[in-house]
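Here the structure comes first, spelled out in structure tokens, and everything after it is commentary.
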Amino acid sequence: MTSNRPTPAPHRPHPAPATGGGSAIPRAVPATGGGSATPRAAPATGGVPSPSALPSALPPPSPLSPSPGSFEATDAMPAQLPEQPATRMPLQTSEQASIPPPTPSPSTTPFTPEPCLTLTSPTDVLAAVPYLVGFHPSASLIVVGLARGQAKMVARWGLPFPPGTLDAMSPLFGREGITEIVIIGYGPGDLVTPAVDEARRLAAKDGVRVGEALRAHEGRYWSYVCDLATCCPAEGTPYDLSSSQIAAEATVRGLVALPNREALERTLAPVTGPVRLAMRRATSAAIADFQARITAATDLTAFTEQFVSEALTRVHSALETHSDGGRLNDAEAARLGLDLTVMRVRDEAWTLMDDSHALLWKDLTRRLEPRFIPPVASLLAMAAWRSGNSVQATIALERALTADPAYSMANLLMHALQNLLSPTILQGRLPTPAELDKTMGQPCASWLLPLINLLDEEDPLPALE
């Protein structure tokens, strides 16, 4: 091997990076990668008993967390793979996959074995990774965690990253019963080797076996655990992903691998051209209507109560429309964008959360004007995280935090993703709509302040093409 390799471990044959006949990777693998550094978590405001007020369920923020709005450096997205069958997002937007929904209790949902992809060689591993993270990675570190030969988690980080970035994996190893990992780094040796070394040190500290550690670059791979020149020459081993059956099997199972992370980002990019102009007109009309109504109101408390009641009705109607395969028109979408700036309205959408709601929140994340993006993008992130698509969740949170770096719900979720937490931590913790009413009390005019403050802002002119 070249000088880019750390001190080699004793030789181990390449086939079967995992024990038990290769690593069996469930097809419902919405593995995820990330694309964002974790912004500092901000507390929920206004005494709202919202799901945002759940910091006790999360570990303290990492001391390495960059300031809000800095997303390009570190991509640490945990992707836990469900043992129960899970539905992958229609667009497994690259970057990262999905996080599984809370595992039903054995008494209600019997375990059904998942169809598996069996990996028996380094080429198979390299062929599978793009389908695990949703896109073909570059300048990345991927860690696949295995328990009893089956993939339990997949995580991706962008390279380079600062020392200590991988520490969040230690508690994950214990929670998921990880006994073995496969490490894959993409890029030149001086970029990949320090990250692989850190992952191997962490695994050794936690008593987790490194089944394989590979570096892939420009059509060749190198193994960090093989020291035989006859097996792993210093110039690397050429590989051809088309020679593996993994791509065909993954495609049959509905997995998607986009060309790169940017392709995944484009699936959540703002709409442009005539569609954007139409939404801008609809938003202006919705704002004008709200301003006329609040100006004419003689009792702001009564007006707030009526507004929130109507907004909650619109939320339920929108969810029903999308569940039936429909889509909101521009006026409905714009009005809902205004509604969701009110925490009580947004939090009801959160407490009603179902994986299928992601289509509605994705549509609104693309269509709404920038200042109204944080609530819907955060709801999309929650839906994606629940279903195992933490990559899509990360990109959605980047959209939210670009618009408002202090948005507390987005910061909380980003912190959870960066710390490789499972969405099951929220299971049983979210209040019901009735509990929200009881905790928040009667509507008051201050509930509308977030919306009123936004109305003085202006969005940038939309692109014409």
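Considering all alpha-carbon pairs of segment 222-309, what whole percent are spaced by more than 16 angstrom?
Working: 2989 of 3828 pairs.
Everything past 16 Å amounts to 78 percent.
Put a dot 7 Å past each Cα toward the Cβ at Asp459 and Thr298; how far apart are the dots in nm?
Result: 3.6 nm between the two label points.
Starting from the 7 Å offset along Cα-to-Cβ, what nm value, one decimal, do you get for the label separation of Arg148 and Lys438?
Result: 4.0 nm between the two label points.
Which order do the peptides 375-386, 348-359, 233-244 come out in when sorted by mean C-beta neighbours inside 10 angstrom, highest first? The partial results should precede the final answer.
Working: 375-386: 30.2, 348-359: 19.4, 233-244: 14.6.
Sorting 375-386, 348-359, 233-244 by mean packing, highest first, produces 375-386, 348-359, 233-244.
Which shape class, rounded, prolate or oblate, goes with segment 308-465 when its Cα gyration tensor gives a ≥ b ≥ c as root eigenvalues, a/c under 1.5 marks rounded, and past that a/b bigger than b/c marks prolate?
Values: a/c = 1.26, a/b = 1.06, b/c = 1.19.
Since a/c stays below 1.5, the shape of segment 308-465 is classed as rounded.
How far is it, in nm, from the label point at Gln427 to the one at Arg209 when both lie 7 Å from their Cα along the line to the Cβ?
Calculated label separation equals 2.9 nm.
Using a 1.4 Å probe over the heavy atoms of the protein chains, calculate the carbon and sulfur portion of the accessible area of segment 390-465 as a whole percent.
Working: 1920 of 3510 Å².
Of the solvent-accessible surface of segment 390-465, carbon and sulfur hold 55 percent.
Of the listed peptides 333-340, 408-415, 223-230, what is their order by residue-averaged count of other C-beta atoms within 10 Å, with the highest listed first?
Per-residue Cβ counts within 10 Å, averaged per peptide and sorted highest first, yield 408-415, 333-340, 223-230.
Determine the per residue accessible area of segment 381-429 with all protein chains present and a 1.4 angstrom probe, expressed in square angstrom. Before the final figure, lay out each step's value.
Working: 1080 Å² over 49 residues.
Dividing the accessible area of segment 381-429 by its residue count gives 22 Å².
Take the solvent-accessible surface of the protein heavy atoms, probe 1.4 Å, and return the percent of it on segment 118-163 that carbon and sulfur atoms account for.
About 56 percent, which is the carbon plus sulfur part of the accessible surface.
Pop out the Kirkwood hydrodynamic radius of segment 238-284 from its pairwise C-alpha distances, inverse of mean 1/r, in Å to one decimal.
Averaging 1/r across every pair of different Cα atoms and inverting gives 14.1 Å.
Work out the length of the dipole vector of segment 207-315 about its Cα centre, built from +1 on the beta-carbon of each Lys and Arg and -1 on the beta-carbon of each Asp and Glu, and round it to the nearest 20 debye. Don't skip to the end; give the middle numbers.
Values: 11 positive and 12 negative charges, 69 e Å.
That gives a dipole near 340 debye.
Checking the a/c ratio against 1.5 first, then a/b against b/c, what shape does the Cα gyration tensor give for segment 330-384?
On the way: a/c = 1.68, a/b = 1.24, b/c = 1.35.
The shape class here is oblate.
The values are calculated or read from the model by the stated rules, or taken from the named source; none is laboratory data. On a predicted model such as this, the values are computed, not experimentally measured, just so you know. Here the Cβ is made from the backbone with ideal geometry for all residues, glycine too, and neighbour counts use every protein chain on show. Only protein heavy atoms, including side chains, enter the accessible area calculation; ligands, DNA and RNA are left aside. Shrake-Rupley method; radii C 1.70, N 1.55, O 1.52, S 1.80 Å.
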